[in-house]
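Here's the structure, in structure tokens; my notes come after.
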Amino acid sequence: MSSDKLFKLARLAGVASLIAAAGLLSSCQVRPLYAESTGVTQKLADVSFSDANSRVGQQVRNQLIFIAGRGAGETKNPKYTVDLSVSSGTGGVLYLPSSDTSGAGRTTVTASFTLKNVSDGKVLKSGSRSVTSLVDFPTQEFAKARAIRDSEDRAAREVAELVGADIAAALSR
């Protein structure tokens, strides 16, 4: 085969693959999660969250209420409820042999949630998210306690963002 025929064949194959790719991409339905047309913002404002059973759980719940209500607080007449269960733990990872203590650690906050429709109790989404936050342990006890608390708060904010995004995605469908 001559190089001229190979060039025409390659160009024809390139054009065909370009047309096929355009056809596949035209069926793609990507849209912003919080677009006006999806109604997610209003649906999120209609979500109620279960009571917390710990300080870290309350931090996650407060952040979720802020995310869902856009700062307006919790709704009085919810259309959706979220059963929320939050657990946290802190452990040392860098042990100092001289004092048999830990110089650094990590805090893990795990939030399990179930999104339900209030009218019929149907489960729309359930899942679990986990976030780990690193922490340095100072030698002073109060400073160490405060560092752990700050680490828990950071992890609680992050896990609330992830859970909020999961809930928004479920309500957009």
| said: Among the residues of the stretch 77-92, what is the count of those that are under 20 Å from K122 (Cα atoms) and open to solvent by 60 Å² or more (accessible area, probe 1.4 Å)? | reply: 4
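Quick test for you: out of S98, S102, pick the one residue that is modelled with pLDDT under 90, more than 15 Å from the chain's Cα centre (by Cα) and either in a strand (DSSP E or B) or crowded, with 17+ Cβ neighbours inside 10 Å (or both). Talk me through it step by step, then tell me what you get.
Working: S98 fails: either in a strand (DSSP E or B) or crowded, with 17+ Cβ neighbours inside 10 Å (or both).
Among S98, S102, only S102 is modelled with pLDDT under 90, more than 15 Å from the chain's Cα centre (by Cα) and either in a strand (DSSP E or B) or crowded, with 17+ Cβ neighbours inside 10 Å (or both).
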| Within the stretch 122-173, how many residues are farther than 18 Å from V60 by Cα and of a type in the set (S, T, Y)? | 2
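Out of curiosity, is F142 of a type in the set (F, W, Y) and assigned to a helix (DSSP H, G or I)? Give the derivation first.
Working: of a type in the set (F, W, Y): yes; assigned to a helix (DSSP H, G or I): yes.
When the stated conditions are applied, F142 passes them.
Name the single residue, out of those in the stretch 37-76 being of a type in the set (D, E, K, R) and not in a helix (DSSP H, G or I), that is most open to solvent (accessible area, probe 1.4 Å). Step through it out loud before you land on a result.
If we filter the stretch 37-76 for residues that are of a type in the set (D, E, K, R), which is where we start, we get 43, 46, 51, 55, 61, 70, 74, 76.
Filter once more, so that each one left must be not in a helix (DSSP H, G or I): 46, 51, 70, 74, 76.
Numbers: D46: 19, D51: 126, R70: 130, E74: 63, K76: 176 Å².
Once the filter is applied, the top-ranked residue is K76.
The values are calculated or read from the model by the stated rules, or taken from the named source; none is laboratory data. Source: prediction; values computed, not measured. Counting neighbours? That spans all protein chains shown, and the Cβs are built from the backbone with ideal geometry, glycine included. All accessible areas refer to the heavy atoms of the entire protein, side chains included, with ligands and DNA or RNA removed. Shrake-Rupley method; radii C 1.70, N 1.55, O 1.52, S 1.80 Å.
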